[in-house]
Amino acid sequence: MLKKNQAVLYKKSAAVVTEIEGEKFVIKYCAAPATPSGKPAKYESQKVREKDVVALPGENVSLENILNFCDDSAQEKILEAYELLSSDEESAGEKISFEELLRLIDGAAKAESSFFYFAKLCGGLEFALDEENLKNGKIFFMPRTQEEISALKKKVDEKENEAKYFSEFIARLKSRSLDLPNDSKFMGEVEAVALGKTEKSKLMSELKIAPTPENAHRLLLETKIWDITRNPHPVRWGLSTQSAQLSLASPPNEERLEVQGISYAIDSEHSHDPDDAVMFDGKYLWVHIADPASSVMPQSAIDKAAMNRGGTLYIPEGASRMLCEDCLEDYALGLKEKSNALSFRILLDNDGAIEECKIFKTLVNVKRLTYKNADAILAGDLSSLENESQDDREKISADLNSLMQIAERNIERRKKNGSVDINMPEVHIWLDENKKVFIEKEPRVKSADLVRETMLLAGEGAARFAFANKIPFVYVSQEKPEIPSKLPEGLAGDFATIKCMRRRSVGVTPSSHAGLGLGMYSQVTSPLRRYGDLLCHEQLRAFLDGRDLIDKDAMLERLSAGDEASIACRKASRKSEMHWTLVYLLQNPDWTGEAVCVDFKGKEAVFLIPELAQQTSFVPREKIALNETRRVKVKSIDIPNVRVNFVEI
């Protein structure tokens, strides 16, 4: 039974019983010790049950005396007791009570010494506290073997060495001169900040650096943990740099309309996922689209994973696909002799407007062409078709020219409806296996107009079909911009127009798309790489198969989630392209190029650099007019903040 003023252990800390209240005991313990600056210790009281504390030898003591007790020769006394117990063959390896051990250590020990010796034994190497007995209110120690002591000492030494090494690491970090790769193990938290995974870093606080992703990125570059080729932006935006892993099932065995004739998938030579093809049969324009929705069911695991990605992430390092890589063989167009498609059969009136749009599950014969080859064929150069018969060459040429006429007529129709045509420079950025960066200006090609216009007709046709059949659908709209009546020519005019454009809207209510000059529009031509398009295909497939449709509320919820991920995808792509542009300039320090004046901002002129598809501003040496050029070179590059400044040569 505990007594008043008895020393006890409370959670392995010293305490003293100050009052006894029936079966409860009031104890006094130290909640906060005195500080070196002179702040006094903080004492608190607590009511406990007898089982919550463990009695220590020592009665009629004060807590202050217990905490202030010290014996400078304690370690020598403990070693003597250990040697005595270890040399006794009968008691070697046996547990010994704390009271008995205390008598061996210091037979004349004062009442207030028990906690001091308890703490000294627990913190030493010679004895191990019996934790199981402690739970039952009894204090026993066991002498450790020499092997156990050696192992513990090794751990203590390692810990002390690690602390010393870490202290030395901090000094090296402050001087930005790390011992690599050994020091890299301490920089994980800085990398986590740079990748947007956390907003806290003790190391950065130690260096008095605000823990922002940009500051962390700079620190990693300065210490050579990262080099300039490390691109943090996809991960920073919460995106995977690996393609989706869930495999699609093989296309279902279902009845399909076999479309006679050849359809053409025209795309960049860099494209590896063709998902659209077109043909004109003399009466109807056919737009064939890849049909992954034949296997991807609404709310399936694959559908949810695609929604969380929002789309395929295209960065110079490669594509991180919304749907798995191995689905391309079955679902991309033109990779097999016959391709499954969801096809939009469009009848146009004499003005090129849509008179009728019907949708079919089809089987089509697709021929792939690059923009370069398609442009050559449209210009009458059929040399790229040398493996084709003369009749087939003439047929392909006629087909492409018929499609081009449809495209040109649609361009004129949209212009009459107020469409806005903007032609800004674009580039293709890619890396070799050694991360050397290449930038190539994308040429303006006629066949790109052919593809764009037929895809717009498919999007308009799909929107009209969904609206007519009361199908909850994804519509893309844009309010009419306020464009001045007089605009400069060339790039300056395009730049001014962009500044006038309104943001696009995505929703389940149809509205006009002023920028395209269309009364109703939906994006349906890239279900392999855009979630909104896949969602539309799921609805169209459900309608054609007679299955339940996704209702408007669920459609809007999924659309919002997918669009949010899609926006992150686009931002990560733009940041990544800018990152690699800066790396390209660092790899090519002698680069110079032409900059076109497109606007004015105070005393500065705003320039576009077509060769890099980059914008910059500076004060020109002489007066300059819009669309005039100046030759420029790099002034400064800031990789962490993704910025570059140019200066006139």
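Give the angle, between 0 and 90 degrees and rounded to the nearest 10, that separates the Cα long axis of helix 74-87 from the longest principal axis of the Cα atoms of the chain.
In the chain, helix 74-87 runs at an angle near 80 degrees to the longest axis.
Tell me, what HN-Hα J-couplings in whole Hz come from the Karplus equation 6.51 cos²θ - 1.76 cosθ + 1.60 at θ = phi - 60° for each residue of region 514-521, using x for Gly and Pro?
Using θ = phi - 60°, the values come out as 5, x, 8, x, 10, x, 7, 7 Hz.
Multiply the residue gap between Lys336 and Lys174 by 0.36 nm, knock off their C-alpha separation, and tell me the result in nm, one decimal place.
Length gained between Lys336 and Lys174: 52.4 nm.
Among Leu335, Met187, Gly519, whose Cα sits farthest toward the positive end of the charge dipole of the chain (+1 at Cβ of Lys/Arg, -1 at Cβ of Asp/Glu, about the Cα centre)?
Gly519
Would you mind calculating the gained length between Glu99 and Arg444 on full extension (0.36 nm times residue separation, minus the Cα-Cα distance), in nm to one decimal?
Values: separation 345, 0.36 × 345 = 124.20 nm, distance 9.25 nm.
That works out to 114.9 nm of additional length.
Efficiency by 1/(1 + (r/R0)^6): what FRET value for Asn641 and His428, r their Cβ-Cβ distance, R0 = 22 Å, to the nearest 0.05?
Efficiency for this residue pair is about 0.35.
Suppose R0 equals 35 Å; then what is the FRET efficiency for Glu394 and Ala468 from their Cβ-Cβ distance, rounded to the nearest 0.05?
0.35
More than 15 angstrom separation, counting every C-alpha pair in region 191-234; what % is that? Working shown, then result.
Working: 315 of 946 pairs.
Here the tail beyond 15 Å accounts for 33 percent of pairs.
Label-point separation (nm) for Ile209 and Asn182, each offset 7 Å from Cα along Cα-to-Cβ?
Output for this residue pair reads 2.1 nm.
For region 256-299, what does the relative contact order come out to in percent, with C-alpha contacts under 8 Å and a separation of six or more?
26 percent.
So if I place +1 on the C-beta of Lys and Arg and -1 on the C-beta of Asp and Glu, and nothing else carries charge, what would the dipole magnitude of the chain be about its Cα centre? I want it in debye, nearest 20.
Values: 89 positive and 104 negative charges, 487 e Å.
Value, rounded to 20: 2340 debye.
Which value results when the Cα radius of gyration for region 67-176 is divided by 2.2 N^0.38 Å?
Against the compact-globule rule of thumb, the ratio is 1.34.
For the chain, what does the equivalent ellipsoid look like in terms of its semi-axes, each the square root of 5 times an eigenvalue of the Cα gyration tensor, given largest first in whole Å?
Equivalent ellipsoid of the chain: 75, 32, 24 Å, largest first.
Stretched out fully, how many nm does the piece from Asn417 to Glu162 gain, at 0.36 nm a residue minus the Cα gap?
84.5 nm
Using Cα pairs closer than 8 Å and at least 6 residues apart in sequence, work out the relative contact order for region 22-120, in percent.
Across region 22-120, relative contact order equals 28 percent.
Going by a ≥ b ≥ c, the root eigenvalues of the Cα gyration tensor, does region 414-497 fall in the rounded group (a/c under 1.5), the prolate group (a/b larger than b/c) or the oblate group?
Details: a/c = 2.51, a/b = 1.34, b/c = 1.87.
Note, shape of region 414-497 comes out oblate.
With the convex hull built on the Cα atoms of region 510-578, state its orientation-averaged projected area in nm².
Working: hull surface 24.1 nm².
For the Cα atoms of region 510-578, the hull's average projected area reads 6.0 nm².
Counting Lys and Arg as +1 and Asp and Glu as -1, each charge on the Cβ, what is the dipole of region 349-454 about the Cα centre in debye, to the nearest 20? List each step's numbers first, then the result.
Numbers: 18 positive and 22 negative charges, 81 e Å.
For region 349-454, the charge dipole is close to 380 debye.
Using the heavy atoms of the protein chains alone and a 1.4 angstrom probe, what is the accessible area of the chain per residue in square angstrom?
Accessible area per residue: 52 Å².
Report the FRET efficiency, 1/(1 + (r/R0)^6), for Ser300 and Glu255, where r is their Cβ-Cβ distance and R0 is 30 Å, rounded to 0.05.
E between Ser300 and Glu255, to the nearest 0.05, is 0.85.
Three principal axis extents, largest first, for the C-alpha atoms of region 455-535, in Å?
Principal axes ranked by extent give 44, 25, 19 Å for the Cα atoms.
Pairs Lys185/Lys435; Lys12/Lys135; Lys12/Lys42: which are spaced more than 21 Å apart, C-alpha to C-alpha?
Lys185/Lys435
What's the carbon and sulfur percent of region 473-546's accessible surface, probe 1.4 angstrom, rounded to a whole number?
Answer for region 473-546: carbon and sulfur cover 48 percent of the accessible area.
Roughly how big is region 189-304's charge dipole about its Cα centre, with Cβ charges of +1 (Lys, Arg) and -1 (Asp, Glu), in debye to the nearest 20? Intermediate results must be reported in sequence, preceding the final value.
Numbers: 11 positive and 18 negative charges, 173 e Å.
Once rounded to the nearest 20, the dipole reads 820 debye.
Tell me, what ³J(HN,Hα) does each residue in region 217-224 have, in order and in whole Hz, if you take phi through Karplus 6.51 cos²θ - 1.76 cosθ + 1.60 with θ = phi - 60° and put x for Gly and Pro?
Values, residue by residue: 4, 4, 5, 5, 6, 5, 8, 6 Hz.
Using only alpha carbon pairs under 8 Å that are at least six residues apart, calculate the relative contact order of the chain and give it in whole percent.
Over the chain, the number comes to 10 percent.
Average projected area of the Cα convex hull of region 395-543, in nm²?
12.3
Using +1 at the Cβ of each Lys and Arg and -1 at the Cβ of each Asp and Glu in the chain, identify which of Phe69, His217, Gly318 lies farthest towards the dipole's positive end.
His217
What does the charge count around Gln245 come to, taking other residues whose C-beta lies under 15 Å from its C-beta (Lys +1, Arg +1, Asp -1, Glu -1)? Display every interim value, and only then the final one.
Working: positive: Lys304, Arg309, Arg321; negative: Asp303, Glu325, Asp326.
Once all neighbours under 15 Å are counted, the net charge is 0.
Across region 177-311, what fraction of all alpha-carbon pairs, as a whole percent, falls in each successive 10 Å bin from zero upward?
Here the calculated profile for region 177-311 is 9, 24, 21, 17, 15, 10, 4, 0.
Hey, which of these cross-link pairs are over 18 Å Cα-Cα: Lys446/Lys486; Lys11/Lys47; Lys3/Lys51?
Where the Cα-Cα span goes over 18 Å, the pairs concerned are Lys446/Lys486.
Rg to Rh for region 546-649: what is it, with Cα atoms only and Rh by Kirkwood?
My calculation puts Rg/Rh at 1.24.
Would you mind checking the tilt of helix 552-587 against the longest principal axis of the Cα atoms of the chain, expressed as 0 to 90 degrees and rounded to 10?
Around 90 degrees separate the two axes.
I'd like to compare 606-612, 278-284: which one has the highest average count of other Cβ atoms within 10 Å, and what's the full order after that? Intermediate results must be reported in sequence, preceding the final value.
Details: 606-612: 20.4, 278-284: 17.0.
Descending packing order for the listed peptides: 606-612, 278-284.
Starting from the exponent 0.38 and prefactor 2.2 Å, build the expected Rg for region 248-357 from its residue count and divide its actual Cα Rg by it.
Against the compact-globule rule of thumb, the ratio is 1.20.
Output the direction-averaged projected area (hull surface divided by four) of the convex hull of the alpha-carbon atoms of region 106-162, in nm².
Values: hull surface 21.1 nm².
Its average projected convex-hull area is 5.3 nm².
Among Phe140, Pro425, Pro232, whose Cα projects farthest towards the positive end of the dipole of the chain, with charges put on the beta-carbon of Lys, Arg (+1) and Asp, Glu (-1)?
Result: Pro425, furthest along the dipole toward the positive end.
Can you give the convex hull volume per residue for the Cα atoms of region 101-253, as a whole number of Å³?
280
Evaluate the distance, in nm, between pseudo-label points positioned 7 Å from the Cα of Lys499 and of Glu80 along their respective Cα→Cβ axes.
Taking the two extended label points, one gets 9.1 nm.
What ranking do 33-39, 268-274, 12-18 get when scored by the average of other Cβ atoms within 10 Å per residue, highest first?
12-18, 268-274, 33-39
Where does helix 146-174 land angle-wise versus the long Cα axis of the chain, in degrees 0 to 90, nearest 10?
Around 50 degrees separate the two axes.
The values are calculated or read from the model by the stated rules, or taken from the named source; none is laboratory data. Only a predicted model underlies this, so the values are computations on that prediction, with no experimental measurement involved. Every residue, glycine as well, gets a Cβ built from its backbone with ideal geometry; the counts of neighbours run over all protein chains shown. The area values use the complete protein model at the heavy-atom level, side chains included, leaving out ligands, DNA and RNA. Shrake-Rupley method; radii C 1.70, N 1.55, O 1.52, S 1.80 Å.
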